[in-house]
Amino acid sequence: MGKRIIQQARGHGSLRYRVKRHSFNHKLQYPKNLDGEGEVLKLFNSSAHSAPLAKLKYSSGFFIIPAFNGMFEGQKIKFNDSEISRGNIKKLKEIPVKTRVYCVESRPGDGGTFVKTAGSSAIVSRVMGDKISLLMPSKKEKSFHGECRAVIGTIAGSGRLDKPIVKAGKQFYIKKAKGGRVWPRTSALKVNAVDHPFGSGRGKNPKSKIAKRNAPRGRRVGLLRPRRTGHRN
């Protein structure tokens, strides 16, 4: 008797395919109303995030953001200040061109959405009225409203990909902590014929199966949204 293929099992949402919720307890956003000065209370690691995190204290409480390169505990961070130094949170319209920033807001006041991965940063490239263009880590430009805020600096942890993983077990636990991924990934041709439409690899010619654009996960195997089908004339 056949069993569900992995896409169907993921769609069912069992514990095997879910992330560890306690890893994602930290909300990486700064508050809407920030003024004055804050202090770095603690730097710590999170298995669900690629960068080290920093817990900051301000007049009304605490918040957590990715740590920038060179941050230390006890450091003073200024909000909406005229000074341009690493860690300060300012509006994009007040940040000079060619300055590196991260944790950029997509809309004014949302607390930071873009550029939050270890070692990454965006560069303020152009100012066009109320719009500020940033050169993103993907080397593409993206426009933001001048009232959107960002943290000045580069996120720490840039060397995380330099050290080789070496052991398969380490890769297994990395994948397990981030996104509930099952690793290693098994090729469809290598499973039994009863377990997958491409199973057993007989002739190694997968069955041509075109899934609908809105098909559920279990049916999204084979040719996905091909540009055309049939023989060429």
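The values are calculated or read from the model by the stated rules, or taken from the named source; none is laboratory data. This is a predicted model, so every value here is computed, not measured. So basically every Cβ, Gly included, is an ideal-geometry build from the backbone, and we count neighbours across all protein chains shown.
Summary table below
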item: Test for residue 168: is it of a type outside the set (Lys, Arg), at negative phi and within 20 Å of the chain's Cα centre (by Cα); result: no
item: Within the range 1-35, tally of residues that are out of contact with any Leu (no Cβ under 9 Å at 6 or more places or on another chain), in a loop (DSSP other than H, G, I, E, B) and among the hydroxyl-bearing types (Ser, Thr, Tyr); result: 1
item: Search result, residues across the range 1-50 that are of a type in the set (D, E, K, R) and surrounded by 15 or more Cβ atoms within 10 Å (Cβ to Cβ); result: 10
item: Candidates 116, 139, filtered to the one that is in contact (Cβ under 8 Å) with a residue 12 or more places away in the chain and of a type in the set (D, E, K, R); result: 116
item: Within the range 140-161, considering residues that are in contact with a helix residue (DSSP H, G or I) (Cβ under 6 Å, 6 or more places away or on another chain) and in a loop (DSSP other than H, G, I, E, B), the one surrounded by the fewest Cβ atoms within 10 Å (Cβ to Cβ); result: 146
item: Given (1) small (Gly, Ala, Ser); (2) closer than 30 Å to residue 79 by Cα; (3) in contact (Cβ under 8 Å) with a residue 40 or more places away in the chain, number of the condition residue 129 does not satisfy; result: (3)
item: Test: residue in the range 78-86 that is surrounded by 16 or more Cβ atoms within 10 Å (Cβ to Cβ) and within 22 Å of the chain's Cα centre (by Cα); result: no
item: Neighbours by Cβ (under 6 Å, 6+ apart or cross-chain): first from the range 40-54, in contact (Cβ under 8 Å) with a residue 60 or more places away in the chain; second of a type in the set (S, T, N, Q); result: 47/23; 48/23; 50/117; 52/45
item: Positions within the range 51-68 being outside any strand (DSSP E or B) and surrounded by fewer than 17 Cβ atoms within 10 Å (Cβ to Cβ), in sequence order; result: 59, 60
item: Looking only at the range 162-190, and only at residues there that are at pLDDT below 80 and not in a loop (DSSP other than H, G, I, E, B), the one that is farthest from residue 118 (Cα to Cα); result: 176
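Matching residues to (1) hydroxyl-bearing (Ser, Thr, Tyr); (2) part of a loop (DSSP other than H, G, I, E, B); (3) in the same structural domain as residue 171 (by TED's automatic domain parsing); (4) out of contact with any helix residue (DSSP H, G or I) (no Cβ under 9 Å at 6 or more places or on another chain):
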position: 37; (1), (2), (3), (4): no, no, no, yes
position: 49; (1), (2), (3), (4): no, yes, no, no
position: 81; (1), (2), (3), (4): no, yes, no, yes
position: 93; (1), (2), (3), (4): no, no, no, yes
position: 109; (1), (2), (3), (4): no, yes, no, yes
position: 117; (1), (2), (3), (4): yes, yes, no, yes
position: 124; (1), (2), (3), (4): no, no, no, no
